[in-house]
1. Filter the stretch B:187-231 down to the residues that are under 19 Å from B:SER166 (Cβ atoms) and among the basic types (Lys, Arg), then identify the one that is modelled with the lowest pLDDT.
2. Determine, yes or no, whether B:ARG26 is at pLDDT 95 or above and among the basic types (Lys, Arg).
3. Please go through the stretch B:64-75 and give me each residue that is within 14 Å of chain A (Cβ to nearest Cβ), without any contact (Cβ under 8 Å) to a residue 12 or more places away in the chain and not small (Gly, Ala, Ser), ordered by number.
4. When you scan the stretch A:209-238, how many residues do you find that are assigned to a strand (DSSP E or B), buried (at least 24 other Cβ atoms within 10 Å of the Cβ) and within 14 Å of chain B (Cβ to nearest Cβ)?
5. Among the listed residues A:SER128, A:SER189, identify the single one that is over 22 Å from A:ILE212 (Cβ atoms) and among the hydroxyl-bearing types (Ser, Thr, Tyr).
6. Filter the stretch B:1-16 down to residues that are in contact with a helix residue (DSSP H, G or I) (Cβ under 6 Å, 6 or more places away or on another chain) and buried (at least 16 other Cβ atoms within 10 Å of the Cβ) and give me whichever is farthest from the other protein chains (Cβ to nearest Cβ).
7. With respect to A:ARG262, is the statement that it is without any contact (Cβ under 8 Å) to a residue 24 or more places away in the chain, within 14 Å of chain B (Cβ to nearest Cβ) and surrounded by fewer than 17 Cβ atoms within 10 Å (Cβ to Cβ) true?
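The values are calculated or read from the model by the stated rules, or taken from the named source; none is laboratory data. Values in this document were obtained by computation on a predicted structure and should not be read as measured data. Glycine gets a Cβ as well: all are built from the backbone with ideal geometry, and neighbour counts include every protein chain shown.
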Amino acid sequence: MMHEPQTLKAADTTTKMTARDVKVFYGEKQAINGVSIDVDMDNVTAFIGPSGCGKSTFLRTLNRMNDTVASARVEGSITLDGEDIYASTMDVVQLRARVGMVFQKPNPFPKSIYENIAYGPRIHGLASSKADLDVVVEKSLRRAGLWEEVKDRLHDSGTALSGGQQQRLCIGRAIAVEPEVILMDEPCSALDPIATAKIEELIHELRGRYAIVIVTHNMQQAARVSQRTAFFHLGELVEYGVTSDIFTNPRQERTKDYITGRYG
Amino acid sequence: MAEHTIKAFDQEMDKLRGLIAEMGGRAESAIEKAMLALQRHDKEMAAQVVADDKRIDAIEAEVEKLAIEIIALRAPMANDLRDVIAALKIVSVVERIGDYAKNIAKRVPMVATNQRMLEPVSLLPSMGQVAAEMVHDVLNAFAARDADLALAVVERDTVVDDFYNSVFRALVTFMVENPKTISECAHLLFVAKNIERIGDHATNVAEMVYYAATGQTLPERERGGTQPLED
């Protein structure tokens, strides 16, 4: 059982989010068992582990997405820049703008490409005029690596794009509200290898501007995109370390068995 | 160690280990035969060592091909990755060890048969034996992922170095007293140097085995000086 926080700090990195002894229950069933971890601002963190290990559940605690599940209950503390995100004073809508999320299947709104990006900034009051909004849309689409492909058809429907483009549109939508953290829950599992490579390259470009946490079933993807890897098993955080160490010389037997394909 | 979920991966890793074990056995036997041929002045046996070296070279190529396939198709991780990389590096070193044995065998016809000649180098067969055992043990260590056995091999390298220094002094003294033997003694000096290099290579393999088994690199060790370069 691991309750000690696993912190990996280099002198020049800053902790963006901190979780301490986090437990998650779905009704009677405990899904997360005392996870403590620091999410770094400057490094991409990957959560890996077999199905049902709790990695997605834990990811969802980081922007209170589990609030939408009636039976879910979260214990322990999670802070964003030192601020308790489960405090009663926390505005959850505001929190989810600060801690954005990208899901497994691309889920653009059934609206135009432009509106997909503009919707968030508009309701959050981040742009006051059409000109401001145009700037936000272009900037977000550029950061999402999609601008060149869609600049001439911004008023086409977002759902008419290819799967990979739709996923980058969703990343652009998350970026548009100027988040501090972006959570990605298996963002490439519905994409082909080329679209996957584009998302991975995008993650690389966004690193440092946003704290990024990615859940992935694809260990090669974790190895490619992250600098920190956390291995979850049976609701516990088994090992958290520098990605290159985890994949060449993991300390825990369970981590080794999983990443070498011996997990029985 | 637990088996891989994909059985074919285990079979390929077993094959890799099997090839390296065979290669090591052949290199060890090449050293022993070359030294025996030298002692007995057995040119046929020496020629056999030279011919057998082709199989060692062939195994190196086979291991390289298999290791590249494993990396490409299985994407090995952690200890598996370290094993495959170690296998790649080990075969190139063992191939060199085979070459040194072959080089010793090639000198057999150039060294005289008279017993008096071998007196100053009575240490050579024992020296060869220690080096052959190092090769044997280090490849067993790889097969068994035995870091302690690898360490023991590293420590034995000083024995070979000490032998080399003694043989070197004995040969120089002998050459001074018997200038007519200089040509043959020069060959024996190369034989001694070859065995000394085999010891060094076995030590390098031991370092790779240690890394593959533990994930840690061995701290830089003090190397014993060899004549005529003490440091």
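1. Result: B:ARG223.
2. Numbers: at pLDDT 95 or above: yes; among the basic types (Lys, Arg): yes.
Yes; evaluated as a whole, the condition is true for this residue.
3. Of the stretch B:64-75, the ones within 14 Å of chain A (Cβ to nearest Cβ) are B:70-75.
Retained after the next criterion (residues that are without any contact (Cβ under 8 Å) to a residue 12 or more places away in the chain): B:72-73, B:75.
B:LEU73 - this is the single residue of the stretch B:64-75 that is within 14 Å of chain A (Cβ to nearest Cβ), without any contact (Cβ under 8 Å) to a residue 12 or more places away in the chain and not small (Gly, Ala, Ser).
4. 2
5. A:SER128
6. For the stretch B:1-16, the residue satisfying everything is B:LEU16.
7. Values: without any contact (Cβ under 8 Å) to a residue 24 or more places away in the chain: yes; within 14 Å of chain B (Cβ to nearest Cβ): yes; surrounded by fewer than 17 Cβ atoms within 10 Å (Cβ to Cβ): no.
When the stated conditions are applied, A:ARG262 does not pass them.
The rows are residues; the columns are (1) within 17 Å of the chain's Cα centre (by Cα); (2) β-branched (Val, Ile, Thr); (3) surrounded by 21 or more Cβ atoms within 10 Å (Cβ to Cβ).
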| position | (1), (2), (3) |
| --- | --- |
| A:THR159 | no, yes, no |
| A:SER162 | no, no, no |
| A:LEU169 | yes, no, yes |
| A:SER189 | yes, no, no |
| A:ARG207 | yes, no, no |
